[in-house]
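Beneath this line is the structure, given in structure tokens, with notes to follow.
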């Protein structure tokens, strides 16, 4: 008898949700950076181990304070992910509890499936003796199915977390072939790689008013040709991404191409160009045209 089910990974921005899913899958699927709100859309990561298929749902960070259409989209995506799943992993940072963590807690209290509190980054605690009192306080917040301390980056205690989630997967047919790891297209994954390199290279210099759209994705012989449009809201952002004498955009392209060749197992010719479209991140029609819409 086979088992298959869904596990939503939720939490505030920049708490390690994408890193957790990547380490569980054993390969990079969701993009990561040290900047909040790197993940914008729901991404499924499929792990099949023998007769059990666990489908992890990586979600944008639930956050407070912004009313832009993009932020509303991300919050709704994260909230919707908790509906009709078999388990929820509520990820928090061991070092601090924030107002955004509290907001996520209020949402997970209403889900109908088991909720695991996953306490991430325990390896960064300066005083390890504070961990047990923290876990005791967390246990009073709601009736969690389990509280599991981990380090997603270092892979600490992930085996236990996986065993716990796998035990909740219901009997039934598996939804994906055993060699498939995501529901997302190669074009989507390519666009996310470019956006990751922009975020990592530019940090706080460019706000999250950047989108990437793949215009071409085609093989010519054994070479994969990819053309990506980088969309920004202001001319100043365009100049920052290009950099002095074009050095920044060259570096973004080089790093993206290396990751793409590893992901797609092919030689990649990557072309990038930048376009200014004012106000796109607060325009629901523009968001839909860029793929930011309900799945």
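The values are calculated or read from the model by the stated rules, or taken from the named source; none is laboratory data. Everything numeric in this text was worked out from a predicted model, so none of it was measured. So basically every Cβ, Gly included, is an ideal-geometry build from the backbone, and we count neighbours across all protein chains shown.
Taken together, the residues in the range 132-157 that are on the phi > 0 side of the Ramachandran plot and in contact (Cβ under 8 Å) with a residue 60 or more places away in the chain amount to 1. Considering 209, 162, the condition of being within 29 Å of residue 277 (Cα to Cα) and either in contact with a helix residue (DSSP H, G or I) (Cβ under 9 Å, 6 or more places away or on another chain) or part of a strand (DSSP E or B) (or both) is satisfied by 209 alone.
Scanning the range 262-294 for residues that are assigned to a helix (DSSP H, G or I) and free of Cβ contacts under 8 Å to residues at least 12 places away in the same chain yields 262, 285, 286, 288, 289.
Every condition in (1) surrounded by fewer than 15 Cβ atoms within 10 Å (Cβ to Cβ); (2) without any contact (Cβ under 8 Å) to a residue 40 or more places away in the chain; (3) touching a strand residue (DSSP E or B) at 6+ places or on another chain (Cβ under 7 Å) holds for residue 171 except the one numbered (2).
Only one of 145, 152 is in contact with a strand residue (DSSP E or B) (Cβ under 6 Å, 6 or more places away or on another chain) and at pLDDT below 95. Can you tell me which? Show your work before the answer.
On the way: 145 fails: at pLDDT below 95.
Selected residue: 152, the only one of 145, 152 that is in contact with a strand residue (DSSP E or B) (Cβ under 6 Å, 6 or more places away or on another chain) and at pLDDT below 95.
Residues in the range 242-252 that are more than 24 Å from residue 182 (Cβ to Cβ) and assigned to a helix (DSSP H, G or I): 242, 244, 245, 246, 247, 248, 249, 250, 251. Hey, does the range 231-241 have a residue that's assigned to a strand (DSSP E or B) and at negative phi? Yes; the residues of the range 231-241 include at least one that is assigned to a strand (DSSP E or B) and at negative phi. Considering only residues in the range 158-168 that are touching a residue at least 24 places away in the same chain (Cβ under 8 Å) and within 16 Å of residue 20 (Cα to Cα), the one that is surrounded by the most Cβ atoms within 10 Å (Cβ to Cβ) turns out to be 165.
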